[in-house]
Amino acid sequence: MIISMIPRATSEQVDYVCDKIKSFGYAAHPIRGKERVVIGAVGDGKDKDRIISVMESVPGVESVIPIMQPFKLVGSELKQERTVIRMDGFTIGGDQFVVMAGPCSVEYREQLMQTADSVKAAGAKILRGGAYKPRTSPYDFQGLEEEGLKLLAEARERTGLKIITEVVNTENVDLVNEYTDIFQVGARNMQNFALLKRLGRTRKPVLLKRGMMSTLKEFLMSAEYIVSQGNTDVILCERGIRTFETYTRNTLDISAVPALQQLSHLPVVVDPSHGTGKRNLIAPVSNAAVAVGAHGLLVEVHPKPEEAFSDGPQSLLPDEFEALMEGVRKYVTVDGRSL
Ligand code: PEP
Ligand code: MN
């Protein structure tokens, strides 16, 4: 349920309401808006009507209404203002369009540094690169692991870019946390609930990729797992779903972007690389992502795609990435936003 406090409610009143919610076995999630504090009370729904009537008479409470959406905390019913994630120098989810770019896998120093320098020069804010790779085949390159994390940290030092990298299991969360600025949860792990809960107890943003066979409701329920543990900085990433079409690697669900933005207050970004699997489709699809209001992109770039250890066919050359950024910049500006 959503408990709206009166505009000038005191912090004692807010604390009292939170304690009262907890006494019913519910979790209390206060959200401090510009005008007032709103508290999300989330529990198993037992005794709901009685709890609503008790809470309505607590001093400082203006109204209590049930949340109809199944994803209580990430849904737009609880919070209409968009979540804006502050990254020290820029924001994700506001008026800025943020591009994250880099190789699919971190392979060797020169590959990563060269890519980092070029994506930085083209205007990316975040360097991507997998150090732990969830590959379809156990015989394929699995990632450099901690050595890859160290190279990412070195690239951050060198360029000032923030870094995002995938974490594939709960055991690795602490180690990845030592290096990364943003955790990436891959499509294959979207419903690894133990991992989601563990990341919900960290203090860094989590980019959650849509599972390749997931509905938007399932996707948002996964985000809810993270937020329910206290970490509200979740970025949703549409990266294509599996359909009968085989020309593209996946079918990018462009309508998911505005749909997710209507259903939820979380930032939504698009991964046109995995979404299409084809280098020539990445720039036009990126422009489409801007047009539908996405908050950013996650793009694969490699200095020698033909030699890439993973995802070469969908990796842009640095020059192609620069051209993509020029195109995207035009659309972002027309939309009244900045890159
Ligand atoms: C990736 O970003 O390289 C990746 C493995 O993506 P996904 O989880 O979307 O397949
Ligand atoms: Mn990849």
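Just so you know, all these numbers are worked out from the coordinates, no wet-lab data involved. Please read these numbers as outputs of a predicted model, since none were measured by experiment. Neighbour counts are summed over all protein chains in view; Cβ atoms, including those assigned to glycine, are modelled from backbone coordinates with ideal geometry.
Let me know the shape class of region 67-196, please: from the alpha-carbon gyration tensor, a ≥ b ≥ c as square roots of the eigenvalues, rounded when a/c is under 1.5, otherwise prolate if a/b is greater than b/c, or oblate. Don't jump to the answer; show the numbers that get you there.
Details: a/c = 2.33, a/b = 1.29, b/c = 1.81.
Cα axes put region 67-196 in the oblate bin.
Any chance you could give the angle, 0 to 90 degrees and rounded to 10, that helix 216-228 forms with the longest Cα principal axis of the chain?
Tilt relative to the chain: about 70 degrees.
Just from its helices, what would the mean residue ellipticity at 222 nm be for the chain, if runs of 4 or more DSSP H residues each count -39500 (n - 2.57) and the sum is divided by every residue, rounded to the nearest 500 deg cm²/dmol?
-11000 deg cm²/dmol
Quick one: length gained pulling M213 to K22 fully straight, 0.36 nm per residue minus the C-alpha distance?
Length difference between fully extended and current span is 65.2 nm.
Which residue, D44, D233, D117, has the most motion in a Gaussian network model of the chain that connects Cα atoms within less than 10 Å?
Maximum among the listed residues: D44.
With no solvent and one equal point scatterer placed on each C-alpha of region 263-339, evaluate the Debye formula and give log10 I(q)/I(0) for q = 0.13, 0.15, 0.24 Å⁻¹, two decimals.
-0.39, -0.51, -1.08
Just the ratio, please: alpha-carbon radius of gyration of the chain over 2.2 N^0.38 Å, N its number of residues.
Compactness ratio reported: 1.04.
Just to be sure I understand the model, the point goes 7 Å from the Cα along the line to the Cβ. What's the resulting R86 to N280 distance in nm?
4.6
In units of 2.2 N^0.38 Å, what is the alpha-carbon radius of gyration of region 180-269? Walk me through the intermediate numbers first.
On the way: Rg = 12.7 Å, N = 90, 2.2 N^0.38 = 12.2 Å.
The reported ratio for this selection is 1.05.
Could you work out which residue, out of L281, L78, L196, moves most in a Gaussian network model of the chain, that is, has the largest mean-square fluctuation with Cα springs under 10 Å?
The residue that fluctuates most here is L281.
Name the trypsin sites (Lys or Arg not before Pro) in region 1-64 that are in a loop by DSSP and that have at most 15 other C-beta atoms within 10 Å, would you?
Taking region 1-64 and a limit of 15 other Cβ atoms within 10 Å, the loop trypsin sites (Lys or Arg not before Pro) found are R8, K34, R36, K46.
Over 24 Å between Cα atoms, which of K79/K209; K125/K150; K150/K197 qualify?
Violating the 24 Å limit, Cα to Cα: K150/K197.
Net charge within 13 Å of E157 by Cβ-Cβ distance, Lys/Arg positive one each and Asp/Glu negative one each, not counting E157 itself? Let's see the in-between values first.
Details: positive: R109, K120, K150, R156, R158, K162; negative: D117, E154, D181.
Cβ neighbours under 13 Å give a net charge of +3.
S228: net charge of surrounding residues, Cβ under 10 Å, Lys/Arg +1, Asp/Glu -1, itself excluded?
On the way: positive: K72, K197; negative: E224.
After counting each charged neighbour, the total is +1.
Just how far, in whole angstrom, is region 284-324 from region 10-50 if you go by their alpha carbon centroids?
Comparing the Cα centres of region 10-50 and region 284-324, I get a distance of 43 Å.
Starting from region 67-158, pick out the GluC sites (Glu not before Pro) whose DSSP state is loop and whose Cβ has at most 12 other Cβ atoms within 10 Å.
Taking region 67-158 and a limit of 12 other Cβ atoms within 10 Å, the loop GluC sites (Glu not before Pro) found are E81.
Could you give the angle, 0 to 90 degrees to the nearest 10, between helix 279-291's Cα long axis and the longest principal axis of the Cα atoms of the chain?
Compared with the principal axis, the helix lies near 30 degrees.
If we count other beta carbons within 10 Å of each Cβ, what is the order of C237, C104, fewest first? Provide the component values of the computation, followed by the final result.
Values: C237 27, C104 24.
In order of increasing Cβ crowding within 10 Å: C104, C237.
Could you check the simple spin-label distance between E322 and F244, using points 7 Å along Cα→Cβ, in nm with one decimal?
In this crude spin-label approximation the distance works out to 4.4 nm.
To the nearest Å, what is the center-to-center distance of region 243-265 and region 87-151, using C-alpha atoms only?
23
Which of the lysines could a cross-linker bridge to K46, judged by Cα under 16 Å and excluding same-chain residues fewer than eight apart?
Hits, sequence-local ones excluded: K20, K22, K72.
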